[in-house]
Amino acid sequence: MAVFLILLAFLGILAIAVAVSMSAHADALQAQAAIEAARAAQIAAAGQAVNSALLTALVVATGFTLLAVLIVLAYLVYTRQKQQRTGKWLPGPNARWGRVDDAPRPVALPQGDPLQQLVQLELLRYLRQMNTSPVRPSLPQREAAYLPHPEEDEDDEPLW
């Protein structure tokens with residue numbers, strides 16, 4: 001019986017040792033799981049921080065872009081209103097939606113070189129002369145023979 005009690009005590013001590021060992025192993029696994037969960041939470045928090053930073057940058061960039069567009073539109077509206085003149089409309093059916101201030105002004109001669117002014121005046125005189133009297137090209141004698149003579153045309157009376 002003594003051997004039985006010793007054996008029973010030994011088995012009891014062995015059971016307690018195995019239970020303590022298993023409990024320590026379970027605690028180690030639980031600690032490892034907590035560490036992995038903490039790493040996952042840290043990665044998720046870093047991802048959320050990056051996401052928040054990028055979203056903030058996007059909102060700020062969109063705001064600046066919208067502000068720039070509004071400034072450009074306001075500038076365009078301001079310059080357009082500044083360009084519109086408040087004057088009277090030109091009278092008549094051929095005014096072509098013109099205003100009195102927009103009427104063409106006579107071209108002034110260039111100020112400066114007198115020789116350039118003289119050349120410009122001669123050019124204008126030549127153009128006026130071309131507009132008033134048409135120039136008839138001189139034809140060779142062979143081709144002039146086939147044209148009607150003006151004396152013959154003056155005697156003819158109109159047909160109608």
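The values are calculated or read from the model by the stated rules, or taken from the named source; none is laboratory data. Small disclaimer: the values here were computed from a predicted structure and weren't measured. All Cβ positions, even for glycine, are placed from backbone atoms using ideal geometry, and neighbour counts span all protein chains on display.
The set of residues in region 1-15 that are surrounded by fewer than 10 Cβ atoms within 10 Å (Cβ to Cβ) and in a helix (DSSP H, G or I) comprises Ala2, Val3, Phe4, Leu5.
Being within 50 Å of the chain's Cα centre (by Cα), modelled with pLDDT of 95 or more and either in a helix (DSSP H, G or I) or surrounded by 10 or more Cβ atoms within 10 Å (Cβ to Cβ) (or both): is that true of Leu70 here? In short, yes.
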